[in-house]
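One structure is given below, encoded as structure tokens.
The values are calculated or read from the model by the stated rules, or taken from the named source; none is laboratory data. Computed from a predicted model, the values in this text were never measured in an experiment. With ideal geometry, Cβ positions are generated from the backbone for all residues, glycine too; neighbour counts draw on all protein chains shown.
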């Protein structure tokens with residue numbers, strides 16, 4: 001066990017898996033000598049050579065498009081997109097090809113690529129460096145989408161993602177790249193995709209979060225001593241672990257969902273729809289969403305007004321408790 | 001001070017002209033047996049295409065993208081390939097598919113709307129049809145980069161049209177191929193029309209071949225209606241790729257004799273005289289004339305090749321039309337390696353609903369009703 005931040009944990013996962021599987025190659029902008037702008041691939045080019053850790057020309061569609069080609073003939077490419085705001089040129093490759101090749105060829109050809117990409121705000125960055133585009137990919141059949149909530153989770157989930165046979169987009173919340181330090185085992189371990197994590201059991205209200213906001217949700221719970229909150233970290237947002245969500249909502253009868261992305265048609269909308277389909281009569285109060293607004297993320301001076309926060313989560317939980325049937 | 005830093009030239013290759021006159025000195029060495037095989041595939045591809053159009057008109061097939069006029073581009077290039085080479089086609093490459101070993105029955109099934117037609121048999125390295133224009137080029141580059149990494153002597157060969165050269169992915173693919181010296185051959189079938197847009201409105205370049213220069217790869221323009229020129233340029237490009245000298249862009253200058261798709265009407269934008277001029281340059285006519293002149297084939301052999309092609313195609317249609325229908329729930333079964341919980345539920349829902357659905361209209365009719373002209377973009 002060593003104390004690691006998420007960047008170090010991710011680096012650790014890549015290093016271990018590259019040692020295990022010679023077909024893993026990394027391709028992206030500045031991933032080689034520079035180790036990536038966030039240093040997630042630091043030292044890997046030195047250890048595994050520049051034929052396996054490839055500094056690519058500056059073209060996201062080219063990075064993912066060539067990655068698809070590599071995966072078709074037997075490699076396991078890890079494509080790094082430098083910032084989520086730059087993923088859009090590559091979305092065509094993901095939506096039109098990576099997600100469809102297995103279906104298009106009725107299983108003959110597969111594209112087991114892994115896309116790593118930072119996500120979200122909270123670091124006071126430039127435009128296109130604070131966005132949350134995960135929903136576009138959740139809406140795409142044939143792709144899995146993972147967002148870890150801390151160093152331990154990041155290592156285990158990335159190792160699973162590197163062993164997947166389907167295309168995976170692995171979003172790394174940059175707000176918590178270095179903000180959480182915790183014990184991370186030195187050896188390889190896998191946290192299965194598609195399974196949510198009930199971080200804390202509770203009987204009063206279900207609080208659902210993912211990525212950077214799990215940390216904030218924990219902070220909110222700390223301050224809500226009188227309310228017994230059940231906290232769920234989704235871990236994988238596609239496919240969604242519906243069972244864990246529904247079981248929890250049936251127990252608590254109340255739910256608050258935290259999502260940094262714009263409110264309309266975000267992940268929270270889908271979670272609410274599933275609750276309606278499967279647990280509507282268990283609800284004691286309308287489900288609350290703590291979301292980004294349907295606006296462009298403001299630049300650094302006003303960014304905090306856009307983002308979720310512990311205060312916003314607390315107030316949503318208090319509202320749900322107050323609105324609940326039978327509440328005094 | 002001013003000086004010339006670099007200058008380039010672009011070669012054009014024609015071996016067999018439109019009158020069937022051959023430049024014997026530049027003709028590639030091909031045995032008579034192989035020449036006969038090439039002829040057979042030219043006829044088979046044309047027969048496949050003619051039949052597909054008829055089937056579509058009879059309502060037995062969905063929207064189809066004909067390839068009439070481009071037979072030499074496909075047969076000439078595909079004959080140069082080795083078994084382990086990988087092909088990344090667009091959507092008109094029926095000739096290439098058949099040479100690679102995919103049966104006409106499978107191809108018909110695909111165009112009839114059965115996804116299983118693109119379940120390419122194991123051991124045949126050709127990707128399914130790629131309907132998006134240009135986005136498959138980087139796949140070929142990536143495969144080439146992988147062959148380098150894996151020390152495999154395969155080449156990734158990609159087919160596309162003049163329209164695709166305007167896409168960003170054309171740039172990305174050729175640029176990456178240049179930077180990483182990827183063993184790739186990019187075959188542009190410049191049929192001069194991207195649906196209704198002529199190539200001179202697609203690019204201000206004098207040729208498409210010269211675009212290679214900007215990426216530091218080799219480029220050549222060939223007469224795309226000349227089987228020999230296409231075969232020779234492809235063979236040289238494959239050799240260049242296999243010996244570590246990088247990628248080549250081959251511009252096959254040809255012509256789309258038919259409409260863009262069965263939903264298109266080229267009369268609206270194209271001069272009939274232009275088509276007539278290109279009919280005179282037909283790739284099959286000139287090759288047939290040459291082979292007859294050289295006594296490789298004769299009217300009896302020609303008749304036999306044509307009737308055998310007809311029979312083969314009729315049989316393929318019969319097989320395609322009598323194939324056991326794929327269950328509608330197939331749409332759920334190839335999304336992921338193993339089906340997810342959510343998809344399992346939707347699959348069960350579909351099973352229940354399928355029992356109450358009555359089929360009222362075919363996809364082809366609904367496209368026609370909607371007045372869809374170009375639901376396949378031009379390559």
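Does residue B:227 satisfy being touching a residue at least 12 places away in the same chain (Cβ under 8 Å) and out of contact with any strand residue (DSSP E or B) (no Cβ under 6 Å at 6 or more places or on another chain)? Can you show your working first?
Details: touching a residue at least 12 places away in the same chain (Cβ under 8 Å): yes; out of contact with any strand residue (DSSP E or B) (no Cβ under 6 Å at 6 or more places or on another chain): yes.
The answer is yes for residue B:227.
Hey, could you check segment B:303-326 for residues that are over 25 Å from the mean Cα position of the chain (by Cα) and within 16 Å of residue B:40 (Cβ to Cβ) and say which is surrounded by the fewest Cβ atoms within 10 Å (Cβ to Cβ)?
Checked segment B:303-326; the qualifying residue surrounded by the fewest Cβ atoms within 10 Å (Cβ to Cβ) is B:303.
Does residue B:71 qualify as being farther than 18 Å from residue B:110 by Cα, crowded, with 23+ Cβ neighbours inside 10 Å and assigned by TED's automatic domain parsing to the domain that holds residue B:236?
Details: farther than 18 Å from residue B:110 by Cα: yes; crowded, with 23+ Cβ neighbours inside 10 Å: yes; assigned by TED's automatic domain parsing to the domain that holds residue B:236: yes.
Yes; evaluated as a whole, the condition is true for this residue.
Taking strands (runs of 3 or more DSSP E) that fall entirely within segment B:128-232, which contain at least 1 residues that are surrounded by fewer than 24 Cβ atoms within 10 Å (Cβ to Cβ), modelled with pLDDT of 95 or more and more than 15 Å from the chain's Cα centre (by Cα)? Even if it seems obvious, please write down each step before you answer.
Values: elements: B:156-161, B:184-190, B:218-223.
Answer list for segment B:128-232: B:218-223.
Considering each of A:65, A:49, A:43, A:74 in turn, give the residue that is at positive phi and within 8 Å of chain B (Cβ to nearest Cβ). Quick ask: steps written out before the conclusion?
Working: A:65 fails: at positive phi; A:49 fails: within 8 Å of chain B (Cβ to nearest Cβ); A:43 fails: within 8 Å of chain B (Cβ to nearest Cβ).
None of the others qualify; the one that does is A:74.
Would segment A:102-115 turn up any residue that is in contact with a strand residue (DSSP E or B) (Cβ under 8 Å, 6 or more places away or on another chain) and at the interface with chain B (Cβ under 10 Å from one of its Cβ atoms)? Spell out how you get there, then give the answer.
Here is the first cut: in segment A:102-115, the residues in contact with a strand residue (DSSP E or B) (Cβ under 8 Å, 6 or more places away or on another chain) are A:112-115.
Within this subset, residues satisfying the condition of being at the interface with chain B (Cβ under 10 Å from one of its Cβ atoms) are A:112-113.
Yes, some residue in segment A:102-115 is in contact with a strand residue (DSSP E or B) (Cβ under 8 Å, 6 or more places away or on another chain) and at the interface with chain B (Cβ under 10 Å from one of its Cβ atoms).
Residue under question is residue A:127, and the condition is that it be away from chain B (no Cβ under 14 Å) and surrounded by 24 or more Cβ atoms within 10 Å (Cβ to Cβ); does it hold?
Details: away from chain B (no Cβ under 14 Å): yes; surrounded by 24 or more Cβ atoms within 10 Å (Cβ to Cβ): no.
Here the answer is no, as residue A:127 does not meet what is asked.
Which members of segment B:113-127 meet the condition of being at the interface with chain A (Cβ under 7 Å from one of its Cβ atoms), touching a strand residue (DSSP E or B) at 6+ places or on another chain (Cβ under 9 Å) and surrounded by fewer than 24 Cβ atoms within 10 Å (Cβ to Cβ)?
B:120
Taking segment B:286-301, which residues are surrounded by 13 or more Cβ atoms within 10 Å (Cβ to Cβ) and part of a helix (DSSP H, G or I)?
Answer for segment B:286-301, where residues must be surrounded by 13 or more Cβ atoms within 10 Å (Cβ to Cβ) and part of a helix (DSSP H, G or I): B:286, B:287, B:288, B:289, B:290, B:291, B:292, B:301.
How about segment A:12-34: which of its residues are out of contact with any strand residue (DSSP E or B) (no Cβ under 8 Å at 6 or more places or on another chain) and crowded, with 22+ Cβ neighbours inside 10 Å?
Once the filter is applied, which keeps residues that are out of contact with any strand residue (DSSP E or B) (no Cβ under 8 Å at 6 or more places or on another chain) and crowded, with 22+ Cβ neighbours inside 10 Å, segment A:12-34 yields only A:13.
Got at least one residue in segment A:217-234 being within 14 Å of another protein chain (Cβ to nearest Cβ) and outside any helix (DSSP H, G or I)? Reasoning before the result, please.
Initial filter on segment A:217-234 (within 14 Å of another protein chain (Cβ to nearest Cβ)): A:234.
Within this subset, residues satisfying the condition of being outside any helix (DSSP H, G or I) are A:234.
For segment A:217-234, residues within 14 Å of another protein chain (Cβ to nearest Cβ) and outside any helix (DSSP H, G or I): present.
For segment A:129-150, state whether one or more residues are more than 30 Å from residue A:249 (Cβ to Cβ) and in contact with a helix residue (DSSP H, G or I) (Cβ under 7 Å, 6 or more places away or on another chain).
Narrowing segment A:129-150 to residues more than 30 Å from residue A:249 (Cβ to Cβ): A:129-130.
When the remaining residues are screened for being in contact with a helix residue (DSSP H, G or I) (Cβ under 7 Å, 6 or more places away or on another chain), the result is A:129-130.
Yes, because at least one residue in segment A:129-150 is more than 30 Å from residue A:249 (Cβ to Cβ) and in contact with a helix residue (DSSP H, G or I) (Cβ under 7 Å, 6 or more places away or on another chain).
This table checks each residue for (1) closer than 15 Å to residue A:287 by Cβ; (2) assigned by TED's automatic domain parsing to the domain that holds residue A:140; (3) free of Cβ contacts under 8 Å to residues at least 24 places away in the same chain.
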{"residue": "A:191", "(1), (2), (3)": "no, no, no"}
{"residue": "A:201", "(1), (2), (3)": "no, no, no"}
{"residue": "A:204", "(1), (2), (3)": "yes, no, no"}
{"residue": "A:225", "(1), (2), (3)": "no, no, yes"}
{"residue": "A:260", "(1), (2), (3)": "no, no, no"}
{"residue": "A:263", "(1), (2), (3)": "yes, no, no"}
